[in-house]
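Undergrad: Below are the structure tokens for one structure; questions will follow.
What follows draws every value from the coordinates through simple rules; no lab data is involved. Everything numeric in this text was worked out from a predicted model, so none of it was measured. So basically every Cβ, Gly included, is an ideal-geometry build from the backbone, and we count neighbours across all protein chains shown.
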Amino acid sequence: MARDWGWWTEQKLDILSDYLAGFSKASIRAKQTVYLDLFAGQAENVSREPSRHTIQGSPKRALAVDPPLSVLRFFELPNNAQKLENSLRAAYPQRDLKVIPGDCNETIDDVLTELTPLNWAPTFAFLDQQSTEVEWPTLVKLARHKRQDKPKTELWLLCASGLIPRGLRIRGNLDPGVVSRTNEMFGTDEWFDALEATQNGILSGPQFEHELTNLMRWRMERVLGYRKTRAFRVMNTNGRDIFEMIFATDHDAGDKIMKWSYEKAQRQQPALRLRAKLSRLQAKEEERGEVGLFDAASLAPDPAPHGYTVVSDDKAPHSPFRGR
Ligand SMILES: C[S@@+](CC[C@H](N)C(=O)[O-])C[C@H]1O[C@@H](n2cnc3c(N)ncnc32)[C@H](O)[C@@H]1O
């Protein structure tokens with residue numbers, strides 16, 4: 001499983017590059033754009049596939065967008081922030097970029113205050129968390145940042161609906177730390193009804209995961225007031241989520257560009273899987289000293305991919321599951 005993590009991450013970042021290119025072109029008349037990367041990571045990462053190729057992280061992808069995004073703010077924990085700052089400053093000395101060290105839930109206020117003069121400009125926030133690091137008030141602040149006559153800050157959030165149930169240990173004694181972080185991320189404990197229904201066998205594991213993503217989309221639309229949300233879901237064959245990316249926008253153009261980016265990613269998935277498979281076969285051959293002997297037929301894309309399914313879901317969210 002871990003080996004394939006590389007191409008999922010790459011696929012997510014390819015969607016980001018595609019979306020930001022469209023976002024920037026669609027915003028040309030505004031002349032200014034703002035990009036906020038709340039979990040910025042590193043400038044570059046190495047694929048876990050045997051090819052070990054370099055994957056440019058979200059900061060460099062955002063900086064590579066053409067036409068260029070004008071104002072970029074990257075949030076990272078202190079241990080990683082300095083390295084990221086050095087690398088970005090060296091590569092892009094002329095750009096209006098800053099790396100803000102610290103917990104983004106705490107540093108967000110100062111950054112949004114600094115950006116108040118630009119609260120009319122098209123603004124996109126990427127929230128590429130690992131599990132449940134983002135707190136609901138941060139999403140509220142982002143959603144309220146823009147002037148009321150302008151579309152809200154667009155949000156693109158990683159919702160780890162497949163990881164949360166494992167972290168919670170729903171089949172045993174619940175982990176109170178994960179319960180509390182899940183409440184903080186959703187800004188509510190409404191997901192608890194679906195959890196109890198799953199523990200009682202009323203909902204299946206995949207249904208519970210779906211309820212988690214649905215609740216986040218529902219709250220983005222009904223509480224934060226976004227006009228439209230859509231989810232991009234990567235699942236294994238048992239129907240279990242690996243992760244979901246949720247997009248929230250007020251803008252028809254934004255929704256169209258993300259729909260196109262998601263559909264492109266769906267079409268490219270077999271090619272990415274094929275490349276991962278090829279890279280593994282080559283690595284095995286090299287281990288055996290048999291370079292160039294792999295069977296090309298075995299590299300054909302699977303007619304029915306056995307590993308994972310990618311779904312682009314724009315059906316409107318339903319009201320959260322209620323057991324009581
Ligand atoms: C999944 S990685 C981000 C990957 C990155 N977007 C990329 O494309 O390469 C999540 C990052 O968030 C950082 N992080 C975790 N908690 C954070 C927090 N509360 N505030 C800011 N950064 C955080 C971690 O150090 C890690 O580098």
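Undergrad: Below 8 Å, C-alpha to C-alpha, sequence gap of six or more: please give me the relative contact order for the chain in percent. Walk me through the numbers on the way to the answer.
TA: Working: 521 pairs, mean separation 54.3, N = 324.
Rounded, it is 17 percent for the chain.
Undergrad: Okay, moving on. Roughly what % antiparallel, to the nearest 5, for the DSSP beta bridges in the chain?
TA: For the chain, the DSSP antiparallel bridge percentage is about 55.
Undergrad: If you average the sequence gap of Cα pairs under 8 Å that are 6 or more apart and divide by the length of segment 97-165, what percent do you get for the contact order?
TA: Answer for segment 97-165 is 36 percent.
Undergrad: Near residue 79, within a Cβ-to-Cβ distance under 14 Å, what is the net charge of the other residues, with Lys and Arg +1 and Asp and Glu -1?
TA: Values: positive: 83; negative: 76, 85, 103.
Overall, the nearby charge balance is -2.
Undergrad: Counting pairs of alpha carbon atoms under 8 Å apart in space and at least six apart in sequence, what relative contact order in percent does segment 67-141 give?
TA: Averaging sequence separation for qualifying contacts and normalising by length gives 32 percent for segment 67-141.
Undergrad: Follow-up. I need the helices of the chain that pass two filters: whole DSSP H segments spanning 24 Å or more by Cα along the axis, and mean Kyte-Doolittle score no lower than -1.0.
TA: 5-26
Undergrad: Using only the alpha carbons of segment 1-123, determine the length spanned along each of the three principal axes and report them from longest to shortest in whole angstroms.
TA: That gives 47, 32, 26 Å along the principal axes, largest extent first.
Undergrad: Dividing the convex hull volume of the Cα atoms of the chain by its residue count, what figure in Å³ per residue is obtained? Could you put the intermediate results ahead of the total?
TA: On the way: hull volume 50.8 nm³, N = 324.
Once divided by residue count, the hull of the chain is 157 Å³.
Undergrad: At 1.002 mPa s and 20 °C, plugging the Kirkwood radius over alpha-carbon pairs of segment 38-80 into Stokes-Einstein gives what diffusion coefficient in µm²/s?
TA: On the way: Rh = 11.7 Å.
Calculated translational D: 183 µm²/s.
Undergrad: Which pairs break 30 Å Cα to Cα here: 141/259; 152/277; 60/315; 25/141; 12/315?
TA: 152/277; 60/315
Undergrad: I've got another one for you. Output the peptides 191-203, 132-144 sorted from most to least packed, where packing is the average of other Cβ atoms within 10 Å over each peptide's residues.
TA: 132-144, 191-203
Undergrad: Just the number, please: Stokes-Einstein D of segment 81-197 in µm²/s, Kirkwood Rh from C-alpha pairs, 37 °C, 0.692 mPa s.
TA: Rounded, D is 199 µm²/s.
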